[in-house]
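K.L.:
Below you will find the structure I want to go over with you.
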Amino acid sequence: MTTSTPPLLQLDALRVAIGEKTILQSISLDVAPGELVVLMGANGSGKSTLGLALAGHPAYHATNGTARFGGADLLAMEPQDRARAGLFLSFQAPPEIPGVKNNLFIRTAMNAVRAARGEDPQDAYDFLGSAKAAATTLGLPENMLNRPVNDGFSGGERKRNELLQLSLLRPRLAVLDEIDSGMDVDGVRAVVELVQRLRSEGTAFIVVSHYLQLIESLQPDTVLRLADGQIAERGDITLAQRIARTGFVQAPELAEA
C-alpha cells in the first residue's frame, strides 16, 4: 500500500457500548482501499462488537469518537445506507430468514447497492446466471439459491452463502467475522481466492480470525490484537505467528523469548 492513498475507513477514539456496558474503549484505525487488516484477540475483547457497530446494529451505540467511511460520517447513517455505501458484514453465526428465498434476498440487496452507485438494476435472468456461476466457484449447490436464506444450511454452507453475497455485492469494505469457522479445506481456499480477487479490485477487508494458515494465506497488511476493548498491539504477520505460538495470555517478555 502507498501512504498517499486516502483512507476509506477512519476511526478515531471510537467507543462502543451495549446498554450501560462499554465494550470498545477507544479504537483508532485507518483502512485504505485494497488494504487487509486482521483482527485478533481473546474471547470478549470486542472483535465482533467492532463489526456490528460499523454495520449499524441497533444494540451497539457509539458513545464517543468518530467513524468516517469514504469521507462521510458513518455513525450518522442508517444501517441500510451504510450497506448501500459499500460496507459489508459477514456474521459469525449467519441467521436463517424463513420464507425469503436466497436469490431474491441477494438480488434485492445487490440492486439497492447498484442504484446507490448510479447503475441500472439487474434483471432476474442476468442475476441468476451470475449467481449460479459464483455459487459454483464457491462450492455452493445451485439449488440453495431457491431455498430460504440459510434454512437448513450447515455451518459451512452458511459461511459459503456469506461469500456468495460478498462476491455479488462487491463492497468497498468487507468485515469478515471468523468466516473460516465451520469451513472445510476447500471452503478456506475459496475464502482466500475471493478475498484476493476483490482486493485487486480495491475492496478493503477487516478479517477476524485466529486460524494462522488462513491469515498467512491472506497476506495481511496489518495485524491488530485487541484486549480490553482497545488495540493492544499493532504489527505484521509475525504478530499473528507469535500469538499462534504463545497465545493471548503470555506476558510480552515471554513472547519475546
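K.L.:
When the expected Rg is taken as 2.2 N^0.38 Å, what fraction or multiple of it is the alpha-carbon Rg of the chain? Please list the in-between numbers first.
P.N.:
Values: Rg = 18.2 Å, N = 257, 2.2 N^0.38 = 18.1 Å.
So the chain has a normalised radius of gyration of 1.00.
K.L.:
Once both axes come from the Cα atoms, what is the angle between helix 102-116 and the longest principal axis of the chain, in degrees from 0 to 90, rounded to 10?
P.N.:
70
K.L.:
For L89, list long-range residues whose amide hydrogen, built 1.01 Å from N in the peptide plane, is under 5 Å from its own amide hydrogen.
P.N.:
It is V175, by chain and number.
K.L.:
How many angstrom separate the Cα center of segment 138-201 from the Cα center of segment 41-118?
P.N.:
16
K.L.:
Follow-up. Which residue fluctuates the most in the chain, going by a Gaussian network model with Cα springs under 10 Å, if the choices are A32, A62, A204?
P.N.:
The residue with the greatest mean-square fluctuation here is A62.
K.L.:
I would also like to ask the following. Whole number please: convex hull volume per residue of the Cα set in segment 127-257, in Å³? Could the numbers behind the result be given before it?
P.N.:
On the way: hull volume 16.2 nm³, N = 131.
Hull volume over Cα atoms, normalised by residue count, gives 124 Å³.
K.L.:
Using alpha-carbon pairs under 8 Å, 6+ residues apart, how would you state the relative contact order of the chain in percent?
P.N.:
Working: 462 pairs, mean separation 66.5, N = 257.
Once normalised by length, the contact order is 26 percent.
K.L.:
Consider just the alpha-carbon atoms of segment 35-163 and return their Rg together with their Dmax, both in angstrom.
P.N.:
Every Cα atom of segment 35-163 included, Rg and Dmax give 16.4, 46 Å.
K.L.:
Any lysines with Cα under 26 Å of the K132 Cα? List them, leaving off those in the same chain fewer than 8 positions away.
P.N.:
The reachable lysines, counting only those whose Cα sits under 26 Å from K132, are K101, K159.
K.L.:
So, one more: Say R0 is 35 Å: what FRET efficiency, to the nearest 0.05, do A59 and A116 get from their beta-carbon distance? Before the final figure, lay out each step's value.
P.N.:
Working: r = 25 Å, r/R0 = 0.72.
Given R0 = 35 Å and the Cβ-Cβ separation, E is 0.90.
K.L.:
I need to check one value: relative contact order of segment 43-168, counting alpha carbon pairs closer than 8 Å and at least 6 residues apart, in percent. If you can, show how the numbers build up before the last one.
P.N.:
On the way: 111 pairs, mean separation 31.7, N = 126.
Reported relative contact order: 25 percent.
K.L.:
Calculated from DSSP H runs of 4 or more alone, at -39500 (n - 2.57) each and per residue, what is the 222 nm mean residue ellipticity of the chain, nearest 500? Display every interim value, and only then the final one.
P.N.:
On the way: 9 runs with 98 residues, N = 257.
The per-residue figure over the chain is -11500 deg cm²/dmol.
Only the coordinates and a few stated rules stand behind these numbers; no lab work does. Keep in mind that what you see is a predicted model, and the values were worked out from it rather than measured. Heads up, the Cβs are rebuilt from the backbone with ideal geometry, glycines too, and the neighbour counts pull from every protein chain shown.
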